[in-house]
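Beneath this line is the structure, given in structure tokens, with notes to follow.
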């Protein structure tokens, strides 16, 4: 490819996302060390005794980094799914950008049912976290 030709659409985003995903994988051996030093402190849970909708996100990431996939998905299903999509999507986007192809673009308007499904999933996951005592 000619160095003077324009970069593909989303090139920098793909490289950034891919780099962050690859770096996350590379530093995952540090997860046990980070877990010992992290204070998984949630202000909402401390004040109300009820976990917030995002509770468990850090613990899910640490469990996945330690390759404890079963524990991550059983304890923190939505958070683990989101982390998995982030990492795999980043690796795919990075490879796509390096192949000098345009990244697929998202639709300009997201259908209302997608928004509704996202709300239902977050609420169901939050209920699961409350019931399981995350």
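Every number in this text was worked out from the coordinates using simple rules, so none of it is lab data. A quick note: this is a predicted structure, and the numbers were derived from the prediction, not measured.
Points worth noting:
- Anisotropy class of region 11-132 from Cα gyration tensor, a/c 1.5 cut: oblate
- Residue of 11, 115, 76 that the Gaussian network model of the chain assigns the largest fluctuation, springs spanning Cα pairs under 10 Å: 115
- For the options 96, 33, 17, a Gaussian network treatment of the chain with springs between C-alpha atoms closer than 10 Å singles out 33 as fluctuating the most.
- Under a Gaussian network description of the chain, with springs only between Cα atoms under 10 Å, the residue in 116, 54, 14 that fluctuates furthest is 116.
- For region 46-113: rounded, prolate or oblate by the Cα gyration tensor [a/c cutoff 1.5]: oblate
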